[in-house]
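The values are calculated or read from the model by the stated rules, or taken from the named source; none is laboratory data. It should be emphasised that the depicted structure is a prediction, and the values quoted were computed from it without experimental measurement. FYI the Cβ positions are ideal-geometry reconstructions off the backbone, even for glycines, and counts take in every protein chain you see. For the accessible areas, the whole protein counts, side chains as well, though only heavy atoms, and no ligand, DNA or RNA atoms are used. Shrake-Rupley method; radii C 1.70, N 1.55, O 1.52, S 1.80 Å.
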Amino acid sequence: MPAILLTGGAGYIASHTAICLLEAGFEVLALDNFSNSQPQALERVAQICGRSIPFVQADIRDEAALEHVFNTHQISAVVHFAGLKAVGESTEKPLEYYDNNVAGTVTLCRVMARHGVKQLVFSSSATVYGDAQKMPICEDAPRSATNPYGQSKLMLEYILADLQASDPQWRIAVLRYFNPVGAHPSGLIGENPNGIPNNLMPFISQVAVGKRAKLSVFGDDYATPDGTGVRDYIHVMDLADGHVKALQYLQQQAGLVAVNLGTGQGYSVLQMVKAFSEINQVAVPYQIVARRPGDIGTCYADARLALQLFGWKAERDLADMVRDAWRWQQQNPDGYCS
Ligand code: NAD
Ligand code: WQD
């Protein structure tokens with residue numbers, strides 16, 4: 001049976017997606033250069049699924065290596081997660097971001113086309129909506145970017161649309177993730193940030209476990225109910241299921257679709273802190289500090305298109321998100337090195 005190639009396969013979202021794909025009866029092949037992940041993640045996926053996960057260590061920018069992968073494996077579709085994702089770092093190292101994300105994806109698509117593999121699910125981001133004026137955010141909202149990371153996703157959305165328009169055999173699902181959080185309920189896999197976490201949930205988890213003294217809440221003067229930033233947090237297992245549904249959709253439908261994967265529900269930073277500490281019965285000390293440059297006040301999805309096209313909606317609630325994030329953190333205080 002041909003496999004689904006997961007680029008960035010050892011990463012946070014891909015490792016969870018691998019489980020859902022295997023459970024849905026797909027074969028998977030993971031490819032990663034391990035620049036932001038470890039092979040242990042795939043060993044843990046194997047432990048959860050009771051079978052080994054084939055993987056290749058390669059860089060998506062290495063065309064010869066990709067050629068070899070496509071020559072030696074039967075691949076029916078690609079779910080393309082590989083990329084760099086740290087907003088702050090992208091402003092310091094824009095060329096690395098454009099090279100990895102944009103050039104890497106162009107190389108990948110070129111090899112796919114050569115091998116007649118024209119089904120692609122692409123990891124985009126709600127960041128392509130910039131500072132959206134209207135909530136909830138629909139897929140046809142104006143797009144913009146304020147940093148090289150966002151710019152790379154936006155460029156790729158245009159590149160993929162041009163590619164599909166040039167050759168209607170391509171079937172592409174551009175998935176715009178909102179804020180993925182949580183972990184597999186086993187506590188065996190989860191988000192494993194290098195150094196100081198950029199994102200809220202891993203930071204809260206590290207404060208709760210005692211690795212960091214307190215959370216800095218970036219601003220309490222936004223136009224939100226409690227003044228702190230509001231986001232659409234989505235459980236990573238729901239997000240993973242969304243990829244299975246998107247692939248199943250592409251098996252039936254040609255063309256390109258861009259679809260939000262969010263819950264449609266926004267929570268503020270303080271609501272997240274409260275939920276985490278109350279549900280997990282653990283203290284999360286915090287202090288209010290200045291706004292983080294580049295942050296927006298509110299961002300949540302109109303999640304109706306995913307339901308309409310894919311028959312998918314998020315099933316897990318905030319309690320599931322904070323419980324599963326905490327289980328992963330407690331069982332693996334130092335990530336996969338624990
Ligand atoms: P992650 O860093 O855990 O996973 C990305 C994986 O890609 C890592 O395992 C990394 O080693 C690998 N990788 C990076 N560059 C590579 C290259 N050139 N060749 C091969 N492998 C490479 O990140 P994630 O959170 O799982 O994100 C997956 C995708 O989803 C990314 O494209 C990201 O931009 C996008 N996304 C993430 C979020 C989020 O908040 N986590 C939100 C929206 C979109
Ligand atoms: C969430 C809220 C912060 C950390 C980023 C990327 C976006 C996407 C998801 C990839 C905000 C507040 C955070 C902290 C805080 N990634 N916060 N203290 O900024 O919505 O999105 O990740 O595509 O592109 O920009 O997520 O988790 O960083 O922040 O108060 O230590 O938590 O201000 O309101 P964000 P986040």
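Here are some notes:
- Hits in segment 97-130 - residues which are among the small types (Gly, Ala, Ser), farther than 18 Å from Ala258 by Cα and within 13 Å of ligand 1 (Cβ to nearest atom): Ala103, Gly104
- Restricting attention to segment 202-215, the residues that are open to solvent by 10 Å² or more (accessible area, probe 1.4 Å) and within 15 Å of ligand 1 (Cβ to nearest atom) total 2.
- Test: residue in segment 111-122 that is open to solvent by 20 Å² or more (accessible area, probe 1.4 Å), at pLDDT below 95 and part of a loop (DSSP other than H, G, I, E, B): no
- Residue in segment 141-148 that is more than 14 Å from ligand 1 (Cβ to nearest atom) and either under 21 Å from Val79 (Cβ atoms) or touching a residue at least 60 places away in the same chain (Cβ under 8 Å) (or both) present: yes
- Residue selected from segment 318-338 under the condition in contact (Cβ under 8 Å) with a residue 12 or more places away in the chain and assigned to a loop (DSSP other than H, G, I, E, B), by the criterion least open to solvent (accessible area, probe 1.4 Å): Asn332
- When segment 4-37 is filtered for residues that are in contact with a strand residue (DSSP E or B) (Cβ under 9 Å, 6 or more places away or on another chain), part of a loop (DSSP other than H, G, I, E, B) and closer than 15 Å to Glu191 by Cβ, the ones remaining, listed by number, are Gly8, Ala10, Gly11.
- So Pro180, is it out of contact with any Lys or Arg (no Cβ under 8 Å at 6 or more places or on another chain), open to solvent by 10 Å² or more (accessible area, probe 1.4 Å) and within 15 Å of ligand 1 (Cβ to nearest atom): yes
- Inter-residue pairs, beta-carbon under 6 Å, first farther than 17 Å from Ala65 by Cβ and near ligand 1 (Cβ under 9 Å from one of its atoms) and in segment 23-51, second of a type outside the set (A, V, I, L, M, F, W, C) and in a strand (DSSP E or B), 6+ apart: none
- Residue match in segment 281-294 (condition: open to solvent by 20 Å² or more (accessible area, probe 1.4 Å), within 21 Å of the chain's Cα centre (by Cα) and not hydrophobic (A, V, I, L, M, F, W, C)): yes
- Here Ser90 does not fit the description of being hydroxyl-bearing (Ser, Thr, Tyr), at pLDDT 95 or above and open to solvent by 50 Å² or more (accessible area, probe 1.4 Å).
- Selected residue (criterion: nearest to the chain's Cα centre (by Cα)) from residues of segment 45-77 that are over 16 Å from Asn33 (Cα atoms) and assigned to a strand (DSSP E or B): Ala77
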